[in-house]
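Take a look at the structure below.
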Amino acid sequence: MRSVFGPRRLSQRRPGVLAAAVLLAAGGLFAPGAGVASAAGSAPVRACPAETTGPGLPALGAVPATAAVPDGVDVPATAAVYGARYPGEVHFLVAPGGWTCDVAFFAADGGEEAFVHPGAAVADPTGARFDAVVQAVFVSGGAQTNIDLVCGFVPRAGAAPNTCNAPARLPADRVHSVPTSAPGLLLTAVGVPANTREPNLPATGGPNRTVALVTFQSPGGPAQAISCTLPASASPVPTCQGALGHFLATGAAAKQLTRADLAAALTDLDAFVASYLAQS
């Protein structure tokens, strides 16, 4: 079984992938600050349009008009909060404003992913190649996909009794463990150079660098992941800091962290993103 951060078989997907373009222009939300900032309050949400769910599935979650921005997370003025709807729930991600939001739901295993990218919507975002994208896996789809989502970067996630079916990461990757005192919680930041195809991150291989965050609760999950691949014109440092930080602060991993641990993790993650994307 392949990592769900890589391409998935079309047979796994609900007919009619949840995909549509977000055509709203970027609006001024919150100006970025230096390091970890105080709570920004709330931000308007750009709802990712979606089709109706299949037979027997709950209705799509309702996207609120605004979403809370957690302490320590900045949403730059050039970015926006997108709301991706799935049967019974909604997840949020930060990406450049005015881009296109494609949402994929896998009815076979409940996998939930989202892609925010320039240009028109695509019929199969999981199989598309984007030079610029913010890509998130909110739900991996199961116990083995939890492991495979992370173990290519974090061998500990695939240690016995687990089995890792993901390919090993490339030597060119920069892998950084984000410190946490939460038992069994693995937070790992990853940097991938431009023009380098990392098999566990399908957004890589193009002209822009990628930064990613994978989270895993040992021994069997849940696992989540987000990658941010942006050109220089899209303010990659503050936008990717906002994308990865918001994902961490609102995701499954945050439920295992104390307020102090989360603040420290966000500071550490911001420093990694800035260091990697700013290097020559």
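The values are calculated or read from the model by the stated rules, or taken from the named source; none is laboratory data. Being a predicted model, the structure only gives us computed values, none of them experimental. Cβ atoms come from the backbone with ideal geometry, glycine included; neighbour counts cover every protein chain shown. For accessibility, only protein heavy atoms count, side chains too; no ligands or nucleic acids. Shrake-Rupley method; radii C 1.70, N 1.55, O 1.52, S 1.80 Å.
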Complete set of residues in the range 148-168 that are of a type in the set (A, V, I, L, M, F, W, C) and in contact with a Pro (Cβ under 9 Å, 6 or more places away or on another chain): Ala157, Ala159, Cys164, Ala166, Ala168
Verdict on Gly206 being within 27 Å of Ala108 (Cβ to Cβ) and in a loop (DSSP other than H, G, I, E, B): no
Given (1) buried (at least 21 other Cβ atoms within 10 Å of the Cβ); (2) closer than 21 Å to Ala166 by Cβ, number of the condition Ala252 does not satisfy: (1)
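When you go through Val134, Val139, Val94 one by one, which is the residue that is at pLDDT 95 or above and under 30 Å from Pro161 (Cα atoms)?
Just a single option satisfies the conditions, and that option is Val139.
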Residue check for Asn162: open to solvent by less than 50 Å² (accessible area, probe 1.4 Å), over 13 Å from Phe5 (Cβ atoms) and of a type outside the set (D, E, K, R): yes
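Counting only residues that are of a type in the set (Gly, Ala, Ser) and in contact with a strand residue (DSSP E or B) (Cβ under 6 Å, 6 or more places away or on another chain), which one in the range 190-217 is surrounded by the fewest Cβ atoms within 10 Å (Cβ to Cβ)?
Ranking the qualifying residues of the range 190-217, first place goes to Gly191.
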Cross-chain or 6+ apart pairs with Cβ under 9 Å, the range 236-261 first and in a helix (DSSP H, G or I), then among the charged types (D, E, K, R) and open to solvent by 40 Å² or more (accessible area, probe 1.4 Å): Pro236/Arg209; Ala249/Asp71; Arg259/Asp71
Qualifying residue in the range 125-136 (condition: among the polar types (S, T, N, Q) and open to solvent by 40 Å² or more (accessible area, probe 1.4 Å)): no
